[in-house]
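The values are calculated or read from the model by the stated rules, or taken from the named source; none is laboratory data. Fair warning: this is a prediction, and the values are worked out from it, not measured in the lab. Cβ coordinates were reconstructed from backbone atoms using ideal geometry, including for glycine residues, and neighbour counts include every protein chain displayed. We work out accessible area using only protein heavy atoms, side chains counted, and drop any ligands, DNA or RNA first. Shrake-Rupley method; radii C 1.70, N 1.55, O 1.52, S 1.80 Å.
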Amino acid sequence: MRKILNLDGTIKKGAEEPDIPDEELLKWYDVMVQVRTLDAKGIRLQRQGRVGFHIFTTGQEAHIGIAAALNSDDWIFPAYREHGAALYRGLALEKVVNHLFANDRDTQKGRRLPGLFGEKSINFVNPSAPIGTQIVQATGASYAGMEFNPGEVTAVFFGDGATSSNDFHSGVNFAGVYKAPTIFVCMNNQFAISVPIEKQTAAEKIVDKAVGYGVPGERVDGNDILAMYEVAKEAVERGRNGEGPTFIEAFTYRLGPHTSSDDPSRYREDEDVENWQKKDPMVRFKNYLTNKGILTEDTEKALWDKYDKLVNKLIEEADKRPKPKMETMFTDVYEELPWHLKEQWEEVKYFTEDD
Ligand SMILES: Cc1ncc(C[n+]2csc(CCOP(=O)(O)OP(=O)(O)O)c2C)c(N)n1
């Protein structure tokens, strides 16, 4: 398993420290703080009944290293724990918060589960709730890119559970045969809701599946942002050089529940969680930045305070905004509304408009 950072933030013996500017490293940490702040507040909002649902990223923030290895116009097909990749690309927190509240400024117009969002301006594609579907979509997009935008690569994120889907097989197989520049990133957090990895697959390691498709595979410590970046950089290079896809298994752990509807204490041991907390990707990276002298207790505290205040402010504003207009259910899907939707719209108006 590829690894660069020890838990105390020192460089592993024999590993090479990547040459990344301090400013860029601090940006990664900044985005990690944003993601974790959103998680902490998102679940409280859900418990207060102010938002309907929350999906957690906590523990999987090192995926930001994958986004950092891409060009800003390469395509990203996320699953639903990769908000960090979007924030890294400059998505405003305000958009994420408006989406959580499904208010009139939600770019998804309240139609998606909170947490399942895309953003066209940053080539961050809307995920679909059915597990694995983004894998074939990403493969198709990267295959099209070979024709229309040579040199472009596409990264797709999915969980260990998704590797049991038909779409996984179709997508990875196609990319292997046609040498599509797709970077398959399996965030193996070892659970698909309550199903542990040993009940998901008889394969010893998820990365072993790559061999069957003739695709180069790499297993990486998914809690080590430097290693994630390095492995992705190599995959990007392969893709841009016409050498086809790469399969990355990022071995990690979901520190929080699956979603706000889940109680993980029913299917995993506290001891396991405690052990993984010691491998927290943020703590490890913080130690690295501190050892390098580019992050101090004070600057770190200031970062948390900044996002605490900013997200609180955005929440207060988002909560006051109206819901999307009912008519948005009918407008902007079809250029010309079919007759049955016209009828339904009339019906909605009849029941919702004042006399
Ligand atoms: C086709 C399909 N089956 C079942 C579900 C319900 N479901 C939602 S998330 C999930 C687990 C997915 O696990 P994994 O791919 O490992 O991703 P993780 O949630 O662990 O990040 C399941 C079964 C679904 N959304 N789609």
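One line per residue, one yes/no per condition, for (1) part of a helix (DSSP H, G or I); (2) open to solvent by less than 80 Å² (accessible area, probe 1.4 Å); (3) touching a residue at least 24 places away in the same chain (Cβ under 8 Å):
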residue	(1), (2), (3)
GLU271	yes, no, no
GLU274	yes, no, no
THR290	yes, yes, yes
ALA302	yes, yes, no
LEU341	yes, yes, no
TYR350	yes, no, no
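So how many residues does region 318-339 have that are part of a helix (DSSP H, G or I) and open to solvent by 80 Å² or more (accessible area, probe 1.4 Å)? Show your work before the answer.
Of all residues in region 318-339, those part of a helix (DSSP H, G or I) come to 318-320, 326-329, 339.
This time we only want the ones that are open to solvent by 80 Å² or more (accessible area, probe 1.4 Å), so: 320, 326-327, 329, 339.
Selection size over region 318-339: 5.
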Answer residue from region 235-252, given it is surrounded by fewer than 21 Cβ atoms within 10 Å (Cβ to Cβ) and part of a helix (DSSP H, G or I) and is nearest to the ligand (Cβ to nearest atom) among those
VAL236
Exactly one of (1) more than 16 Å from the ligand (Cβ to nearest atom); (2) crowded, with 20+ Cβ neighbours inside 10 Å is unmet by ALA79. Its number?
(1)
Among the numbered criteria (1) open to solvent by less than 20 Å² (accessible area, probe 1.4 Å); (2) assigned by TED's automatic domain parsing to the domain that holds ALA235, which one does ARG47 miss?
(1)
Just need a number here: residues in region 69-90 that are under 13 Å from the mean Cα position of the chain (by Cα) and under 18 Å from LEU26 (Cβ atoms).
5
Hey, any hits in region 220-234 for a residue that's among the hydrophobic types (A, V, I, L, M, F, W, C), more than 27 Å from GLY145 (Cα to Cα) and within 16 Å of the ligand (Cβ to nearest atom)?
no
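Matching residues to (1) assigned to a helix (DSSP H, G or I); (2) within 28 Å of LEU93 (Cα to Cα); (3) acidic (Asp, Glu):
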site: LEU226; (1), (2), (3): yes, yes, no
site: ALA232; (1), (2), (3): yes, yes, no
site: ARG254; (1), (2), (3): no, yes, no
site: ASP262; (1), (2), (3): no, yes, yes
site: LYS279; (1), (2), (3): no, yes, no
site: ASP308; (1), (2), (3): yes, yes, yes
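Across region 101-139, what is the number of residues that are of a type in the set (Ser, Thr, Tyr) and modelled with pLDDT under 95?
Going through region 101-139 one residue at a time, the tally reaches 2.
Would it be correct to say that VAL215 is touching a helix residue (DSSP H, G or I) at 6+ places or on another chain (Cβ under 6 Å), within 27 Å of ASN6 (Cβ to Cβ) and assigned by TED's automatic domain parsing to the domain that holds ILE135?
The answer is no for VAL215.
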Tally time: how many residues in region 121-145 are part of a helix (DSSP H, G or I), among the aliphatic types (A, V, I, L, M) and either within 14 Å of the ligand (Cβ to nearest atom) or in contact (Cβ under 8 Å) with a residue 40 or more places away in the chain (or both)?
5
Does at least one position in region 150-171 carry a residue that is surrounded by fewer than 19 Cβ atoms within 10 Å (Cβ to Cβ), farther than 20 Å from GLY65 by Cβ and away from the ligand (no atom under 16 Å from the Cβ)?
yes
Given the conditions (1) more than 15 Å from the ligand (Cβ to nearest atom); (2) among the hydrophobic types (A, V, I, L, M, F, W, C); (3) out of contact with any helix residue (DSSP H, G or I) (no Cβ under 7 Å at 6 or more places or on another chain); (4) open to solvent by less than 10 Å² (accessible area, probe 1.4 Å), which single one is not true for LEU116?
(1)
So which residues in region 153-182 are touching a strand residue (DSSP E or B) at 6+ places or on another chain (Cβ under 7 Å) and over 16 Å from GLY214 (Cβ atoms), if there are any at all?
VAL153, THR154, ALA155, VAL156, PHE157, PHE158, GLY159, ASP160, GLY161, THR163
When you go through VAL177, VAL185 one by one, which is the residue that is within 14 Å of the ligand (Cβ to nearest atom) and under 21 Å from ARG238 (Cα atoms)?
VAL185
